Every structure is written in structure tokens, then in C-alpha cells.
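In what follows, a structure is listed as C-alpha cells, so that the remarks can point back to it.
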Amino acid sequence: MKPGIRNRLLQFAFHLLYNEFAFTYDIVSRLVSLDQWRNWQRSVLPYLDDISSGVILELAHGTGALQVDLLRANCSTVAIDLSPNMGRIAQKRLSREGLATDLLRADALSLPFGNGSFAAVVSTFPTSFILDKDCLVEICRVLELGGRAIIVMSAGLEGQGLRRAFIRFLYRITGQSTGVVSSAAYKRAFEGYGLSVEPIDVECKGSVVQLVVLRKLMPEVPNRDCNGLAIAAQA
């Protein structure tokens, strides 16, 4: 099959999975990860342990599984997704768990929040929107100074066996990552938007999860301004 036709078919299939067939998302995720999907999502949690105050924004909340984890950990959250189907599924999930937060339908390329609104941003297995320059500019804008974004970019199954080999074969067909992406590649993808870039590999029960931690940098102060501050301090 020609790459162009295959890509269009895959885009259509993913569109269905996130929209009309969103009710199958959790089942599909468990199958293609050999039931590791939730562990892969939870790999972001240790990087949020020291956030005792402030609000955490989740981009593309999907079926709301990570929101359950965050809310049970007494985090204050807001979550967005473009898919109304995912929004309904996530809302029902939270209601069943006796939990509540703001789930909004919004676009990550144009976030409806003020500057510096969030202590952290999280996203697990986002689609290609996460590499869009508008999305990265928005992440930087809504983070407070020193705030961080933790993104689960990919995960790969390790070891042997027919099921693992078949799943890796499916990954290759869909164009998803089948192995570890270099730290340099992630740095090239994310650098230049007012964010430092730290790729991290996390070992997770027969698999490896690749995270990227982005931190909002302090704005640079021109030398003349620094000199002015020094003079003012001496005065």
C-alpha cells in the first residue's frame, strides 16, 4: 500500500478511535500494551510529587484515567480534550469514582487560560499536536515561572514472545515508535520555546517509557538592566 493512502487510512482510524469509537479506547489501549497502559500513564506521577499547591492542567484527558489518579492524590486539576465523546466518557468515569474537576472542550493550540495559570502541565501519549509550535508556545505561556510540563511520548515493550512481537509489528504498521528515541531527537523537537528539555527513560515492568520534562525558563535580563538593578541596590 502506498504511504500516502496508508497515512490517510490511519488518520481516519485514529479519528474514529478518539471520537465515534472512543468507548473502545481503554480496551484497545490495554490490548496493545499487554495491560501496561495504566502503568505507562502513571509514570508521570513521581514528577508531580513536590507540587503541593497550584493547578495541574492535563492536555487531551481522553477517558479520564489519569484524572482519577491525580484527584485521588489530592491534586487540583483542570483537563481539556477536543473530543466531546471523550469528555462524556471521562465525566462518567469521574462520577462513578465520586470525583469532580473541570473538564473542558478546548484546543491545545489555543488554550483558554491566562498567563502563568498552572504549576504543571501533563499529557500522556498525545497525538502530533504536542509537537506543533503553537502548542509549545501555549504550554510555555500558561505555565508559571519554573513550572514544568511532563509528557509521556512513547513506550515500548521489551522481551520476547509472539504477542510482544505481533504488537511491535502493529506499531511499525501504524508508524508508532518501536524503540527508544534518542534524547537529541527530543531536544531538537522541543527546544526553542522558552522551555528547557529533559528526556527521561523510565523502566516499567518489561517495558520502557519515554518522558520529556519541559521547564519554563526564567526570562533573560539584558546586561544593562542588571547593571541598573545593581546601582539601585547600592543606592
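The values are calculated or read from the model by the stated rules, or taken from the named source; none is laboratory data. Computed from a prediction, not measured in an experiment: that's the story for all the values here. Note: ideal-geometry Cβ built from the backbone for every residue, glycine included; neighbour counts use all protein chains shown. Note: accessible area is taken over every heavy atom of the protein model, side chains too, but ligands, DNA and RNA are not part of it. Shrake-Rupley method; radii C 1.70, N 1.55, O 1.52, S 1.80 Å.
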If packing is taken as the average number of other Cβ atoms within 10 Å across a peptide's residues, how do 135-146, 195-206, 58-69 rank, most packed first? 58-69, 135-146, 195-206
Mind giving me the FRET efficiency for residue 39 and residue 88? R0 is 25 Å, r the Cβ-Cβ distance, nearest 0.05 is fine. 0.45
Round to the nearest 10 and report in Å² the accessible area of residue 35, as given by a 1.4 Å probe over the protein chains' heavy atoms. 100
Separation of the residue 185 and residue 145 label points, Cα + 7 Å toward Cβ, nm: 3.6
Quick query: amide H of residue 207 versus all other amide H atoms, modeled in the peptide plane; which residues come in under 5 Å with a sequence gap of 5 or more or a different chain? 158
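Sorted by mean Cβ packing within 10 Å, highest first, what order do the peptides 149-155, 95-101 take?
Working: 149-155: 21.9, 95-101: 12.7.
Highest mean packing first, the order is 149-155, 95-101.
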